[in-house]
Amino acid sequence: MAKKSPLQELIDGLQEDLSREYQAIIAYTVYSNVLTGAQWMNIAAELKKHAHEELEHALIIADQLDYLGAMPNAKPKEVKLSKNPRTCCASIWTMRPTRSRPIASA
Ligand SMILES: [Fe+2]
């Protein structure tokens, strides 16, 4: 297998990032509606705010891909769906492998 050029590696990495941004947009949009009830209100509001931020990130990455001569992909990473608010919150931590998990309180 031929080695990828540095440009192609950059494009592939940006495509991967774009798929993760799409995943976050979808997950935060859906989860913000699954999290109902007083105890989840603040988190649901935060997720809606973050859904907007993830769209901004996706647009920036898509522009970068276009600049590099690549067509932005249209494939989100898989979003795990659940009607259980705790499952939704837990899956947010699995969406990004580089994100640090919060330290459990004692
Ligand atoms: Fe993002």
Inset, instruction - Working only within the stretch 30-43, note down all residues that are of a type in the set (A, V, I, L, M, F, W, C) and within 15 Å of Ser91 (Cβ to Cβ). - result: Val30, Val34, Leu35, Trp40, Ile43
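Give me the residue from the stretch 58-95 that is in a helix (DSSP H, G or I) and hydroxyl-bearing (Ser, Thr, Tyr) and, out of that set, surrounded by the fewest Cβ atoms within 10 Å (Cβ to Cβ).
Taking the stretch 58-95 as the starting set, the residues that turn out to be in a helix (DSSP H, G or I) are 58-67, 85-95.
Retained after the next criterion (residues that are hydroxyl-bearing (Ser, Thr, Tyr)): 67, 87, 91, 94.
Working: Tyr67: 8, Thr87: 13, Ser91: 17, Thr94: 10.
Within the stretch 58-95, the match that is surrounded by the fewest Cβ atoms within 10 Å (Cβ to Cβ) is Tyr67.
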Legend entry - Any pair with Cβ under 8 angstrom, 6 or more apart, that starts in the stretch 21-37 at a residue that is without any contact (Cβ under 8 Å) to a residue 24 or more places away in the chain and ends at one that is within 16 Å of the ligand (Cβ to nearest atom) and not hydrophobic (A, V, I, L, M, F, W, C): Thr29/Lys48; Ser32/Lys48
Inset, instruction - Can you confirm whether the stretch 1-14 contains a residue that is closer than 24 Å to Cys89 by Cβ and surrounded by 13 or more Cβ atoms within 10 Å (Cβ to Cβ)? - result: no
Inset, instruction - List the number of the failed condition for Leu55; all other conditions in (1) touching a residue at least 40 places away in the same chain (Cβ under 8 Å); (2) in a helix (DSSP H, G or I) hold. - result: (1)
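None of the figures in this text is laboratory data; all of them are computed from the coordinates on show. Here the structure is a predicted model, which means the values were calculated and not measured. A quick note on method: Cβ atoms are made from the backbone with ideal geometry, for glycine too, and the neighbour counts reach across all protein chains shown.
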